[in-house]
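Inspection log for the structure reproduced underneath, given as structure tokens.
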Amino acid sequence: MIKALARSPAGQRTIGRLVAGWLRLLRSTQTAVIDPPDAIAEADRLGPFILAMWHGEHFMLPVARPDHWQVKAIISRSGDGEIIATVCERFGIGAIRASAGVTPEQIHRRGGVMGLIAALRELEQGAIVALTADVPKGPRRRAGEGIVAMARHSGRPVVPFAVATTHRFHLDNWDRAAINLPFGRFAFVIGEPIVIDRDEAVAAAQRRIEEGLDRVHARADLLVKGLAAPAPRAEWGPLPRPDWGMSASETSEEAGRG
């Protein structure tokens, strides 16, 4: 019955409203921590920017968004995307319905080109565009080319963004999605803006975005565990790898890459 509900447009919207209520409950039961302390003011000085997140770690964006931020989120055309779009709508976040792909056929089918055009238009008009940097369905935590193209064509900086909660568990799916639970701390971390030049190699730009996202997620993980306090970025120092809820084999694979 639940699967049938999730497949119908009316059911997807109902689930979206329930998820929005759950997020409000989460937010009301947690102590908020913003890092660095002046992160929002610093971001405001940038003008419109590209807000980057990792898949599976982005569900708290609606309740983390400062009220004065005009945000448009790139959301897939899938059934899950319909649920997320409903949640975003309940929190005043607009949706650009598109998704990235690896092959030209995937990009066309998922509306990637039209999504890029719409995102560039929103940035030009002063909106913040939020998206996940990695492409469904993996490899996870590897930035795709879409976010690089958006930054190149718009000239706007990519701002790494992370939200974490003290209590959470991870699903056994491709992105190890975090399911956040009530109580404890709620950390909202913004990283250094990443400006991508038109002549910068795509692989180099992807790597810089990955490093920026890993850095803010590691910082958020320390904050919710009480192992760090909000501080200027200059005081963050070396950071451990974030807690991704990985299996032992995945942890070994990540260590081999690093």
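For log10 I(q)/I(0) by the Debye sum over Cα atoms at q = 0.10, 0.14, 0.16 Å⁻¹, the candidate list reads [x] -0.43, -0.89, -1.20; [y] -0.47, -0.98, -1.33; [z] -0.57, -0.93, -1.11; the entry that matches the value derived from this model is [y].
Using only side-chain charges placed at the Cβ, +1 for Lys and Arg and -1 for Asp and Glu, the dipole size of the chain relative to its Cα centre rounds to 800 debye. Qualifying chymotrypsin sites (Phe, Trp or Tyr not before Pro) in segment 158-234, where qualification requires a DSSP coil assignment and no more than 12 other C-beta atoms within 10 Å, comprise PHE183. The DSSP beta bridges internal to the chain are antiparallel in roughly 35% of cases.
The residues of the chain expose, per residue, 49 Å² of accessible area to a 1.4 Å probe.
Rounded to the nearest 20 debye, the dipole size of segment 1-81 about its Cα centre is 640 debye, using +1 on the Cβ of Lys and Arg and -1 on the Cβ of Asp and Glu. Looking at LEU239, HIS170, PRO48, which one has the Cα that reaches farthest to the positive end of the dipole of the chain (charges on Cβ: Lys, Arg +1; Asp, Glu -1)? Farthest along the dipole direction, towards plus: HIS170.
The values are calculated or read from the model by the stated rules, or taken from the named source; none is laboratory data. Given the structure is predicted, the values throughout are model-derived calculations rather than measurements. Using ideal geometry, Cβ is built from the backbone for each residue, glycine included, and neighbour counts are taken over all protein chains shown. Surface areas here come from the heavy atoms of the whole protein model, side chains and all, with no ligands, DNA or RNA. Shrake-Rupley method; radii C 1.70, N 1.55, O 1.52, S 1.80 Å.
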